[in-house]
Amino acid sequence: MPDYIDRGIMKWQPFDALAGYHDMIKEMVHLKNKRQKPVLLEDKLEEMNRVIEEAISNKAVVRVTYYDDGYLYYESGYISKIDSYTQTMVLKPRVNLALDDIIQVEILDGF
């Protein structure tokens with residue numbers, strides 16, 4: 001009977017000698033990829049307004065690009081209302097976006 005007990009794949013698993021090192025690397029990459037909020041010119045704002053009016057009147061699906069904490073995100077849906085009091089756009093199904101954070105609005109074809 002041999003005294004050697006094979007540990008299988010365990011012997012090839014990496015050893016994390018520095019506690020928290022991988023978390024720190026992930027956080028650094030996250031911070032490095034952040035960008036500043038784009039500044040929208042007057043003509044871009046007018047174009048977005050036109051697209052929003054067209055999407056509301058035709059009940060079209062839109063794709064909204066918005067800025068949040070250094071990153072750009074996307075949401076798609078129907079525009080249910082624009083609340084001028086709270087400065088928000090409400091997309092179905094229940095997504096509230098601040099108007100100041102919206103970067104681009106485009107109508108999606110094929111829906």
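So for segment 42-107, averaging the separation of alpha carbon pairs under 8 Å that are six or more residues apart and normalising by length, what relative contact order in percent results?
Details: 105 pairs, mean separation 22.0, N = 66.
Averaging sequence separation for qualifying contacts and normalising by length gives 33 percent for segment 42-107.
What's the tally of Lys pairs in the chain whose alpha-carbon atoms lie under 17 angstrom apart, where the two lysines are 8 or more places apart or on different chains?
On the way: Lys26/Lys34; Lys59/Lys81; Lys59/Lys92; Lys81/Lys92.
Value for the chain: 4.
When ranked by the protection proxy of mean other Cβ atoms within 10 Å per residue, highest first, what sequence do the peptides 45-55, 20-30 form?
45-55, 20-30
Could you give the angle, 0 to 90 degrees to the nearest 10, between helix 42-58's Cα long axis and the longest principal axis of the Cα atoms of the chain?
Computed tilt is about 80 degrees.
Compute the orientation-averaged projected area for segment 40-111 from the convex hull of its Cα atoms and round it to one decimal in nm².
Working: hull surface 19.7 nm².
Result: 4.9 nm².
Would you mind working out the magnitude of the charge dipole of the chain relative to its Cα centre, with +1 at each Lys and Arg C-beta and -1 at each Asp and Glu C-beta, to the nearest 20 Debye?
Values: 14 positive and 19 negative charges, 49 e Å.
With Lys and Arg at +1 and Asp and Glu at -1, about 240 debye.
Helix 21-32 against the longest principal axis of the chain: what's the angle in degrees, Cα atoms only, rounded to the nearest 10?
Helix 21-32 sits at roughly 20 degrees to that axis.
Since every read-out is calculated from the coordinates, none of them should be taken as a lab result. Quick caveat, the model's predicted, so the values are computed rather than measured. All Cβ positions, even for glycine, are placed from backbone atoms using ideal geometry, and neighbour counts span all protein chains on display.
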